[in-house]
Amino acid sequence: MIRLSKSTITNAEKVSVSNVLDKEYLGMGDEVNKFENLLSDFIGSPAICVSNGTAALQLACQAVGIGLGDKVLVQSLTYVASFQAISATGATPVACDIKENTLTLNCIDAESRITPNTKAIMPVHYAGGVGDIDEIYQLAKRHNLRVIEDAAHAFGTEYRGKKIGCFGDIVCFSFDGIKNITSGEGGCVVTKDKKVLQKVRDARLLGVEKDTEKRFSGDRSWDFNVTSQGWRYHMSNIMAAIGIVQLERFPLLSVKRQDIYKIYNSIFHNHNQIKSIELDIENVIPHIYVVRIKGLKNRELLQKKMLELGIQTGYHYQPNHLLDFYRVRNENTLLVTDAIFPELLSLPLHPDLTKSDVHKVATSLIRLIANENL
Ligand SMILES: *Cc1c(COP(=O)(O)O)cnc(C)c1O
């Protein structure tokens, strides 16, 4: 079976985890501190590790004061995690449309949905590409909005020679099992805003003030104060032990992702029905390989036929404005999202795929599209 996505784990991760187990300090301590320092050096901005990417987004929203009655602009075509992170604070996610070529936020559509309650914009770096990031920051400036980048797909991506997270307002990454690097589960908040950093540090540990600093110096908080709502969202040393090794291996992992992406692109190049999205693959570390199959009417059958050939496929994502929990607050139709969604298909992309796997996936898809009534 050619899997759609998977973790890529070597003996080095196993040894690293085993060393933590031997020390019998599994919670948040030295390894998390080390992983945060390595991430900060790699990205070029301070990073704070949390239990997952959704928690990172929620804490980022909370740290800039987003809450009940506030609105946050976000593209509908994203994992429900982006929406849940916003609504977890009491705020309302406002579903926005996307651009056809990149499947990233359409700034004109987003701007048209701004009201006095709009406090932030959450661009999603779909597949790893940053879309109209400059326009998004200009829009945010015009309307005095915070920007919280959902960079769950974009770990390692560079823009204008800088890593995502090195510039901008607040940037959140995910290290779940299938992302560009993993720590089992996990994520981080990256920002140069000192106030936000301190709020996230405290909020991930139940709001216990300066508990992070205590734990990283081998101490514990007995006598402490709490001044705001916190959560149990910290990272464990076991997770960090995996993440540290994955970050060391990232140069190799990232090139493999790019190489696979380029092979797909070269095969689908000039195909009249199978269109890959626009992405600057020399600078993007891609998380998923997404095609739009023009005129596709029966994706379910296509996926079944691919599976019969031993190939898993998927689609990213079910638009959030169609989910019951969010539909009531977003009665709108989104022209581009609604039109494109049924034609999207994600093909296997992970570092353990061989060239022949990739060729098999691509040629199988081309053959099915040509011969079946799909
Ligand atoms: C994975 C993902 C998240 C959430 O990350 P978790 O670590 O799974 O909580 C958020 N947004 C997008 C677009 C994602 O793909």
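The values are calculated or read from the model by the stated rules, or taken from the named source; none is laboratory data. On a predicted model such as this, the values are computed, not experimentally measured, just so you know. Note: ideal-geometry Cβ built from the backbone for every residue, glycine included; neighbour counts use all protein chains shown.
A few points about this structure:
- Some residue of the stretch 152-161 being part of a loop (DSSP other than H, G, I, E, B), among the polar types (S, T, N, Q) and within 12 Å of the ligand (Cβ to nearest atom): no
- Some residue of the stretch 162-173 being closer than 25 Å to Lys23 by Cβ and of a type outside the set (Asp, Glu): no
- Residue that is farthest from the ligand (Cβ to nearest atom) [pool: residues in the stretch 71-93 that are small (Gly, Ala, Ser) and out of contact with any His (no Cβ under 6 Å at 6 or more places or on another chain)]: Gly90
- Among the criteria (1) touching a residue at least 60 places away in the same chain (Cβ under 8 Å); (2) away from the ligand (no atom under 16 Å from the Cβ); (3) buried (at least 17 other Cβ atoms within 10 Å of the Cβ), the one Val189 does not fulfil is (2).
- Residue list for the stretch 203-245, restricted to those being more than 16 Å from the ligand (Cβ to nearest atom) and in contact with a Lys or Arg (Cβ under 7 Å, 6 or more places away or on another chain): Leu206, Thr212, Lys214, Arg220, Ser221, Ile244
- Residue match in the stretch 141-159 (condition: at pLDDT 95 or above, buried (at least 24 other Cβ atoms within 10 Å of the Cβ), of a type outside the set (Lys, Arg) and closer than 18 Å to His321 by Cα): yes
- For first residues located in the stretch 51-62 and within 12 Å of Ser174 (Cβ to Cβ), partners that are among the acidic types (Asp, Glu) and lie 6+ apart or on another chain with Cβ distances below 6 Å form the pairs Asn52/Glu185.
Yes/no matrix, rows are residues, columns are (1) modelled with pLDDT under 95; (2) of a type in the set (Val, Ile, Thr); (3) part of a helix (DSSP H, G or I); (4) closer than 26 Å to Gly90 by Cβ:
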| position | (1), (2), (3), (4) |
| --- | --- |
| Lys14 | no, no, yes, no |
| Ser18 | no, no, yes, no |
| Met28 | no, no, no, no |
| Glu31 | no, no, yes, no |
| Lys34 | no, no, yes, no |
| Asn37 | no, no, yes, no |
| Ala55 | no, no, yes, yes |
| Leu59 | no, no, yes, yes |
| Gly65 | no, no, no, yes |
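- Being free of Cβ contacts under 8 Å to residues at least 40 places away in the same chain and among the β-branched types (Val, Ile, Thr) is a property that Thr227 has.
- Applying a threshold of 7 Å to beta carbon distances and a minimum spacing of six or more residues, or different chains, the list of pairs starting in the stretch 324-337 at a residue that is closer than 16 Å to Asp97 by Cβ and ending at one that is modelled with pLDDT of 85 or more and in a helix (DSSP H, G or I) reads Tyr326/Phe83; Tyr326/Asn320; Arg327/His321; Asn330/His321; Asn332/His321; Leu334/His321.
- Residue, nearest to Arg292 (Cα to Cα), within the stretch 61-107, restricted to residues that are surrounded by fewer than 24 Cβ atoms within 10 Å (Cβ to Cβ) and acidic (Asp, Glu): Glu100
- Identity of the residue in the stretch 98-147, of a type in the set (Gly, Ala, Ser) and within 16 Å of the ligand (Cβ to nearest atom), that ends up farthest from the chain's Cα centre (by Cα): Ala120
- If only residues of the stretch 162-186 that are assigned to a strand (DSSP E or B) and away from the ligand (no atom under 13 Å from the Cβ) are counted, the one that is surrounded by the fewest Cβ atoms within 10 Å (Cβ to Cβ) is Lys162.
- Hey, Val200 closer than 24 Å to His234 by Cβ, over 12 Å from the mean Cα position of the chain (by Cα) and in a strand (DSSP E or B) or not: no
- Qualifying positions in the stretch 88-120 - free of Cβ contacts under 8 Å to residues at least 40 places away in the same chain and of a type in the set (S, T, N, Q): Thr89, Thr104, Ser112
- Of all the residues in the stretch 67-100, those that are part of a loop (DSSP other than H, G, I, E, B), of a type in the set (Gly, Ala, Ser) and more than 12 Å from Tyr126 (Cα to Cα) number 5.
- Taken as a whole, the structure places Ser18 among residues that are away from the ligand (no atom under 15 Å from the Cβ), among the small types (Gly, Ala, Ser) and without any contact (Cβ under 8 Å) to a residue 40 or more places away in the chain.
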